[in-house]
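Trainee: Take this structure first; my questions come after.
The values are calculated or read from the model by the stated rules, or taken from the named source; none is laboratory data. Predicted model, so just to flag it, every value in this text is computed and none were measured. Here the Cβ positions follow ideal geometry from the backbone for every residue, glycine too, while neighbour counts run over all protein chains shown.
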Amino acid sequence: MLRRHIATPLAVVLLAGVLAGGAATAEPTTDPALSQLVQRLDSILADARLNGSFAATVVRDAQTGETLYNRMGDKRLLPASNTKFLTSTAAMDILGADYRFTTDVLSPGKRAGAVLLGDVYLRGNGDPTSLAADYDKLAADIAASGVKVVAGDLVADDTYFDDVRLGTGWAADDEYSYYSQQASALTIAPDTDYDNGNVVITVSPGAKAGDKPVVTVTPPTDYVTIVNNGSTVAGGGTDTLGVSREHGNNNIVIDGNIPVGGSDTVEWIAVWEPTGLAASVFRAALKAHGINVLGRTRLGVATPSSASVLAAHQSMTLAELMVPFLKLSNNGHAEALTKAIGQKVSGKGTWSAGLAAIKSFVVSQGMDGATFRQSDGSGLTRWDMIPAYELTDLLVAVRSKPWYATWYNALPIAGNADRFTGGTLRSRMRNTPAANNVHAKTGSLTGVSALSGYVTTADGRQLVFSVIENNYLASTVKPIEDSIAIALASWNSTSAAAARLAPATSSDSSADDTPADLECSWLKPVLC
């Protein structure tokens with residue numbers, strides 16, 4: 001038997017250790033409704049798209065923890081963004097639902113009329129939701145106090161976190177992708193998706209063939225350099241335009257052709273050294289409000305203890321942040337929270353400190369620390385390995401937490417078209433019993449897919465489930481996950497007849513054209 005998987009009279013424990021395409025065996029059950037469900041799930045998991053792969057599936061009663069179905073639940077698999085279950089629950093418990101990030105402007109200098117005699121420090125403690133408007137408000141507040149000249153430097157203090165910018169095992173070819181943004185305690189997001197550490201590059205066709213495309217940057221900044229190698233071609237021509245960033249700098253390269261009258265190309269690009277981007281935007285805001293900084297901009301210097309606060313900004317609460325974080329599977333939020341947890345628990349804003357605290361929390365909730373490895377906060381690394389059963393341990397345990405309802409509602413909700421309700425599940429399982437029912441977290445990497453969360457059955461019984469697939473070669477296995485969730489939503493645990501009615505797939509699974517190796521919210525303009 002698997003650890004803590006002892007079958008109760010209604011439980012079925014499938015013996016693991018087989019490839020997904022092979023047969024699985026189950027302990028016999030005398031419950032006809034449960035037997036019907038087991039047969040249904042076995043049938044779904046026999047899909048040829050899983051041949052040669054690993055597909056773990058665990059279903060449990062949410063209230064009692066009783067195991068109803070367990071296929072390979074003890075096998076360590078890549079969870080992708082299901083890793084965010086660990087990070088988000090630990091953040092809610094350790095930092096608290098009312099936690100806010102802060103960004104302050106301070107100076108140790110004295111005032112001489114409108115002149116501030118000394119350096120100005122822009123100090124962050126990890127806020128991934130800061131916008132250009134927030135930095136503008138800080139500048140406006142300083143201008144309102146009468147400061148016209150700063151006779152010193154602008155210093156960007158990002159020392160609340162360490163200076164390790166990229167997570168362990170992150171792919172080099174993702175470096176400028178917006179979902180692989182660098183982690184910094186001082187950063188800025190270009191819009192209210194709060195993809196911190198990014199700029200939005202919009203490329204429009206020129207007026208006539210031969211013209212250079214027109215490029216705009218959001219937020220407006222000279223921190224990045226546009227290398228415009230693109231060309232406008234005659235209307236009706238092929239659009240081959242591409243946008244990328246060079247390694248190790250902020251040269252953003254425009255290549256290819258865009259036809260006259262064609263659609264804009266819009267790309268979110270992660271910058272090199274996001275601290276500098278935040279400082280650049282803030283310096284421009286100071287200038288716009290009539291404040292002249294005479295010195296240079298310096299990065300990564302701690303604020304002196306003698307400095308006084310000139311202006312301050314607080315982020316939304318952590319409870320509010322959970323919505324964009326989980327609905328849109330925001331990797332930058334996950335890493336900021338991981339390092340903030342490290343600071344809170346051990347005074348070190350590092351991945352190692354944060355991950356140790358997260359592990360301590362989830363182990364206290366019943367996860368077996370000897371069975372899993374977490375190497376980042378988001379699940380972007382392939383070093384993460386978590387058994388599906390351990391995820392369900394966590395999902396069952398946190399239902400007793402005072403913050404559970406807030407966190408549960410922040411999970412993506414299947415089939416709900418509203419982007420900040422349905423999130424990464426908004427185009428999946430529509431018009432099925434799972435729609436507006438399943439609250440779950442998606443996960444996507446090349447050859448990796450996952451769906452874990454909560455579902456209410458036809459007779460009102462809440463279940464937790466986890467489906468993790470690895471090493472498949474099919475273009476996508478997400479319809480298989482959807483079929484499992486729909487089968488669970490359709491199941492009546494008191495009637496075997498009802499179980500036979502579970503539809504196999506949603507009626508519009510093809511509505512989501514997202515590449516299977518990326519979360520749908522990881523492609524801009526947004527596909528979900």
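Trainee: What helices (runs of 4 or more DSSP H) lie completely within segment 317-378 and have 1 or more residues being under 24 Å from Pro412 (Cβ atoms), touching a residue at least 24 places away in the same chain (Cβ under 8 Å) and aromatic (Phe, Trp, Tyr)?
Mentor: By residue number, 318-327, 351-364.
Trainee: Quick one: how many residues across segment 389-414 are in contact with a Phe, Trp or Tyr (Cβ under 9 Å, 6 or more places away or on another chain) and not in a loop (DSSP other than H, G, I, E, B)?
Mentor: 9
Trainee: May I pose another question? Pick from segment 69-97 the residues that are over 20 Å from the mean Cα position of the chain (by Cα) and surrounded by fewer than 24 Cβ atoms within 10 Å (Cβ to Cβ): which of them is farthest from Leu34 (Cα to Cα)?
Mentor: The residue in question is Arg76.
Trainee: Of the conditions (1) outside any helix (DSSP H, G or I); (2) of a type in the set (Gly, Ala, Ser); (3) modelled with pLDDT of 95 or more, Gly21 fails just one. Which one is it?
Mentor: With respect to (1) outside any helix (DSSP H, G or I); (2) of a type in the set (Gly, Ala, Ser); (3) modelled with pLDDT of 95 or more, Gly21 is out only on (3).
Trainee: So how many residues does segment 141-170 have that are within 18 Å of Arg123 (Cβ to Cβ) and either within 36 Å of the chain's Cα centre (by Cα) or buried (at least 19 other Cβ atoms within 10 Å of the Cβ) (or both)?
Mentor: Total meeting the criteria: 16.
Trainee: I've got another one for you. Go through Thr64, Thr83, Thr87 for me and flag whichever is touching a helix residue (DSSP H, G or I) at 6+ places or on another chain (Cβ under 6 Å), polar (S, T, N, Q) and at negative phi.
Mentor: Thr87
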